[in-house]
Amino acid sequence: MIRLEARAEPSKLMGFAAPVIALLVTLFAGLILFALLGVPVGKAFYAFFIEPLSSTYGLSELGVKAAPLIMIAVALSIGYRANVWNIGAEGQLILGGICGGAVALYFYEVEKWYVLPLMTLAGILGGMFWAAIPALLRTRFNANEILTSLMLTYIAALLLSLLVHGPLRDPDGFNFPESRLFHAAATLPIIFEGTRLHIGALVALLLVVVGWVLLSRTLLGFALKVNGQAPRAGAYAGFTQNRLIWFSLLFCGAAAGCAGLFEVAGPIGQLLPNISPGYGFTAIIVAFLGRLHPVGVVFAGLVMALSYLGGESAQISLNLPVAVTGVFQGMLLFFLLAADVLINYRVVWGRRGTAGRGASL
Amino acid sequence: MFGLCTKFGKLTLCDNYLKAMSGNQSNTSAAPLVAMRGITKAYPGCLANDSIDLFVDAGTIHALLGENGAGKSTLVKILYGLLQADAGSIEWRGESVTIASPAQARQLGIALVFQHFSLFEALSVLENIALGMAVDANNELKQKIIEVSNRYGLPLDPDRQVYTLSVGERQRIEIVRCLLQDPKLLIMDEPTSVLTPQEVNDLFVTLRRLSEEGVAILYISHKLHEIKALCSEATILRGGKRVATAIPEQESTHSLASLMMGDELVAPERETHTPQDKVLLSLSNASRAAAEQHEVPLENINLNVRAGEIVGIAGVAGNGQDELMQVISGEQALGHAQALVLDGEPAGTMSPGARRAKGLCCVPEERLGHASVPSMSLTENAFLTAHHRTNMRTIGLISKRKSKRFAEQVIEQFNVQCNGTATAAASLSGGNLQKFIVGREIEQKPSVFVVSQPTWGVDAGAAAAIHKSLQDMARQGAAVLVISQDLDELMLISDRIAALCAGRLSDVHQTEDVTVQQLGELMGGASISAEVSA
């Protein structure tokens with residue numbers, strides 16, 4: 001019989017091993033799924049995991065997808081460490097896209113150097129504004145930020161749809177719900193010619209370093225961790241809970257808003273009714289898969305980016321539905337949460353209790 | 001010393017033998033009610049019980065005496081079926097038994113009143129008892145509760161909600177719950193640590209009554225005078241071994257203490273300090289409404305603590321100690337700045353960090369989760385409060401090296417037993433963590449030091465060390481405020497003393513002028529007549 005036995009203290013090894021276990025199990029379950037769908041397993045495996053990585057362009061695309069995931073997940077990790085459960089990064093991303101995009105459209109005749117910095121600033125402020133709403137509701141009225149931030153995501157999506165159907169619609173666009181294309185001064189510089197990999201990837205890496213230093217070496221990061229693990233100890237040490245809630249949400253709003261602006265000013269180049277394939281939600285998985293650690297988030301971000309590319313590739317070469325991506329992401333989170341049990345418990349084979357003990361020894 | 005142990009060992013063996021011969025009380029068989037022989041239990045890196053023998057006869061009150069970490073809890077957990085021994089045997093009424101679970105222990109007739117109660121605050125007394133016994137909360141049970149509580153002088157209203165009850169009343173619930181199961185052996189784990197002197201007396205009456213009825217009581221404690229007053233036999237553990245058995249009546253508290261601790265006890269002498277005139281901490285009409293349902297509102301607290309003195313605040317848990325600590329530490333702001341004056345400066349609205357920087361260090365009662373972060377290392381827990389008054393940063397960033405050095409200093413100065421500074425706070429034993437936390441604050445050299453339950457759960461040796469460092473601080477001119485439920489402790493170390501009852505602070509008296517009895521009355525909300533007050 002297999003049973004779980006509590007460990008004396010959490011296993012550090014399992015902290016690292018759990019994501020790997022989850023990945024392997026996801027892979028295995030995915031292949032079974034392909035087999036059940038009648039797709040040749042080898043071909044599916046190749047299309048999903050190898051093909052996207054077999055060309056320079058594929059690798060650059062991995063960076064394009066990973067950049068927003070990593071940016072948002074680093075910021076989410078910081079908040080999650082403090083027990084601030086912002087689920088609405090997707091909405092904050094959309095607001096960043098809207099605000100930054102609106103600036104680009106306002107300056108559509110001005111091709112000056114300052115347009116892009118202004119757009120970025122607007123994107124960041126937009127994301128922060130959207131995150132400030134749950135922060136205010138939480139600190140003033142003790143409203144749960146999980147619910148408020150999540151609900152605001154749908155409002156953001158509808159707001160974007162409203163704007164690209166109305167005020168921000170391209171006047172010469174034959175009534176298609178999309179904005180003008182941004183001009184060169186309003187789009188992000190490309191790192192490698194011929195790819196779509198933009199400087200957002202560098203910003204993401206910079207944010208990783210910032211997040212790492214913040215969490216491991218600053219008083220603010222320490223306060224966030226203390227308040228997440230033992231709020232009363234935080235109060236005793238003099239860390240103000242509300243201030244940390246505001247910081248967590250605003251920081252995440254800024255990162256998500258910036259990521260949103262980078263999407264519209266990068267790969268997309270205009271405002272569309274839909275500017276993100278759920279980066280804000282996927283980043284939640286990235287944050288946990290990366291163990292809420294900025295460096296872990298880099299690896300997790302690349303893995304999740306691959307699930308997007310693999311999904312697209314499987315769609316093209318195998319005619320599989322696009323939902324495959326979501327299925328893989330969902331399975332990964334599911335198995336990760338299951339594998340995390342091993343951090344606090346160990347698996348024991350054998351019978352329970354006093355087997356082998358005599359009545360008196 | 002060794003000779004002494006052997007002597008006691010022989011004495012008791014002889015005593016047991018005599019009892020067995022004469023047929024002790026109602027127990028007609030020669031065997032004791034419980035005989036544990038050669039009980040051994042090892043944890044990774046520590047032999048908690050090393051071949052311990054324990055014999056308890058029916059109708060006796062048997063003390064299990066030992067410092068923290070001596071192996072008392074482990075032994076009791078084995079007896080109650082919570083742990084399994086690695087080696088050794090248990091006999092119950094002469095028959096060899098294996099106790100695999102608490103359920104089985106209860107079936108045999110063993111009941112345990114825990115030191116920390118597991119009660120549901122939002123449920124009634126009746127519902128809590130029913131849950132604990134896995135039966136329905138019906139009228140029949142209610143009648144039984146009333147009957148048992150009347151019979152043993154444990155007044156208890158079955159319909160009261162638990163959150164409205166004092167700690168002493170909560171303990172009664174646990175005792176009644178055990179008595180309803182008609183136990184043959186009642187194990188009490190440090191039962192008096194939460195009671196007023198009057199409540200302790202009431203408890204002793206109940207326990208003596210039970211023992212007269214033939215119930216054996218295993219009484220776990222490190223309070224020697226209680227054991228002398230109550231117990232007829234004692235088994236003394238030290239470092240996982242049984243070092244002696246004794247008859248408490250024939251021992252002095254001093255000889256019991258030296259058996260328990262192995263070498264001569266260096267208890268700090270009572271010393272009086274000559275306070276300077278300078279008031280370092282002053283509360284004037286400090287009031288605070290209860291923010292949550294279970295909090296106690298503080299009403300017009302007036303208190304001055306001068307440089308160079310120790311002021312003690314007595315009181316039963318749940319009378320506002322926690323709330324008082326929070327307004328002093330700054331976790332809860334006071335309405336106006338003048339309500340708390342720190343070294344001449346109004347500080348009622350200052351943040352905890354600002355107060356620390358001004359020289360006020362506090363140790364709250366709850367060690368894990370309040371005074372420390374359980375999952376963080378000792379280094380990080382050192383940084384938690386010490387960074388205000390100690391240089392622990394390099395160019396604004398946290399210096400692990402500097403925090404670690406400070407943590408090492410605390411560990412060394414206060415003799416904290418641990419596997420280095422990377423150990424998580426939660427993995428330290430209660431006493432060691434307490435030493436670390438108190439040490440962390442003392443090492444910051446505060447000018448005002450406020451500590452709640454400084455020696456709760458700490459062994460006598462460490463308690464003496466903590467008391468000594470409090471006295472040293474006062475001698476060096478710090479203002480020390482000690483909030484404690486341990487009256488012996490307060491009578492020993494404080495120069496002036498007051499009691500907190502239902503969020504009100506009594507007048508402050510010179511400690512020499514107050515008796516324990518009077519202090520007990522103060523804790524109950526009475527005031528001492530005019531001729532005694534200072």
Per-selection Rg to Rh, chain B - Cα, Kirkwood hydrodynamic radius: 0.98
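Restricting attention to region B:88-168, which trypsin sites (Lys or Arg not before Pro) occupy a DSSP loop and are surrounded by at most 16 other Cβ atoms within 10 Å?
Those that pass, being in a loop and sparsely packed, are B:R93, B:R160.
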Gyration tensor verdict on region B:419-491 (Cα atoms; rounded if a/c is under 1.5, prolate if a/b is larger than b/c, oblate otherwise): oblate
Sequence-distant residues sharing a close amide H with A:Q270 (under 5 Å, placed H): A:F182
Tensor-based shape of chain A (alpha-carbon gyration tensor, a/c under 1.5 rounded, otherwise prolate or oblate): oblate
Cut-off under 5 Å, modelled amide H: who pairs with B:D57 long-range: B:L33
Peptide ranges B:165-178, B:402-415, A:142-155, A:64-77 listed from the most packed, as the mean C-beta count within 10 angstrom indicates: A:64-77, B:165-178, B:402-415, A:142-155
Estimated FRET transfer efficiency (B:Y43, A:L53; beta-carbon r; R0 45 Å; 0.05): 0.35
MRE, 222 nm, helices only [DSSP H, n ≥ 4, -39500 (n - 2.57), over chain A, to nearest 500]: -22000 deg cm²/dmol
Amide H contacts of B:L83 (H built 1.01 Å from N, under 5 Å, at least 5 apart or other chain): B:I78
Inter-part distance where region B:450-516 and region B:43-66 are each reduced to a Cα centre, Å: 32
Partner chain coverage, peptide B:346-354 - average Cβ within 10 angstrom: 2
Carbon plus sulfur fraction of accessible area for region B:429-519, probe 1.4 Å, in percent: 53
Charged-residue dipole, Cβ positions (Lys, Arg, Asp, Glu), region B:148-286 about Cα centre, Debye nearest 20: 260
Positive dipole terminus of chain A, leading residue within A:F182, A:F334, A:G269 (C-beta point charges): A:F334
Theoretical gain in end-to-end length, A:K12 to A:T240 [0.36 nm per residue, Cα-Cα removed]: 79.1 nm
Relative contact order for chain B, counting Cα pairs under 8 Å that sit 6 or more residues apart, in percent: 14
Separation of the B:A134 and B:H336 label points, Cα + 7 Å toward Cβ, nm: 6.0
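If you place +1 on the Cβ of every Lys and Arg and -1 on the Cβ of every Asp and Glu, how big does the dipole about the Cα centre of region A:217-361 come out, in debye to the nearest 20?
The dipole magnitude comes to about 920 debye.
Please give the length that would be gained between B:D50 and B:R504 if that part of the chain were fully extended, namely 0.36 nm times their separation in residues minus their C-alpha to C-alpha distance (nm, one decimal).
158.6 nm
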Region B:118-182 - percent relative contact order, Cα under 8 Å, separation 6 or more: 41
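Mind listing which chymotrypsin sites (Phe, Trp or Tyr not before Pro) in region A:226-269 are in a DSSP loop and have 14 or fewer other Cβ atoms within 10 Å?
Details: sites: A:Y236, A:F239, A:W246, A:F247, A:F251, A:F262; in loops: A:F239.
Sites meeting the loop and neighbour criteria: none at all.
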B:E249 accessible area, 1.4 Å probe, all protein chains in place, Å² to nearest 10: 140
Solvent-accessible area lost in complex, 40 Å² minimum, residues of region A:207-230 relative to chain alone, 1.4 Å: A:R217, A:L219, A:F222, A:Q229
Pairwise FRET efficiency - A:L36 versus A:S317, Cβ, R0 = 25 Å, nearest 0.05: 0.85
Size of charge dipole - region B:118-182 - debye, nearest 20, with Cβ of Lys, Arg +1 and Asp, Glu -1, no other charges: 160
Region B:279-523 pair-distance distribution - Cα-Cα, 5 Å bins, rounded %: 1, 7, 14, 18, 20, 17, 12, 7, 3, 1, 0, 0
Lys/Arg +1, Asp/Glu -1 at C-beta; the protein assembly as shown dipole; positive extreme among B:V438, B:A63, A:L250: A:L250
Dipole axis of chain B (+1 Lys, Arg; -1 Asp, Glu on Cβ), positive-most option in B:I110, B:T455, B:N304: B:T455
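With each run of n ≥ 4 DSSP H residues scored as -39500 (n - 2.57), what mean residue ellipticity at 222 nm is computed for chain B after dividing by its residue count and rounding to the nearest 500 deg cm²/dmol?
-10500 deg cm²/dmol
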Label-point separation, B:D472 to B:E366 (7 Å along Cα→Cβ), nm: 3.1
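At a temperature of 20 °C and a viscosity of 1.002 mPa s, determine how fast the protein assembly as shown diffuses translationally according to Stokes-Einstein, using the Kirkwood radius over alpha-carbon pairs as Rh; express D in µm²/s, rounded to the nearest whole number.
Values: Rh = 31.7 Å.
In µm²/s, the coefficient rounds to 68.
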Antiparallel DSSP beta bridges within region B:279-523, percent to nearest 5: 50
FRET efficiency, 1/(1 + (r/R0)^6) with R0 56 Å, evaluated for B:N302 and A:V210 via beta carbons: 0.65
Percent RCO, i.e. relative contact order, over chain A, from Cα pairs under 8 Å lying at least 6 residues apart: 35
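The values are calculated or read from the model by the stated rules, or taken from the named source; none is laboratory data. Predicted model, so just to flag it, every value in this text is computed and none were measured. Heads up, the Cβs are rebuilt from the backbone with ideal geometry, glycines too, and the neighbour counts pull from every protein chain shown. Accessible surface is based on the protein model in full, side chains and every heavy atom, while ligands, DNA and RNA are left aside. Shrake-Rupley method; radii C 1.70, N 1.55, O 1.52, S 1.80 Å.
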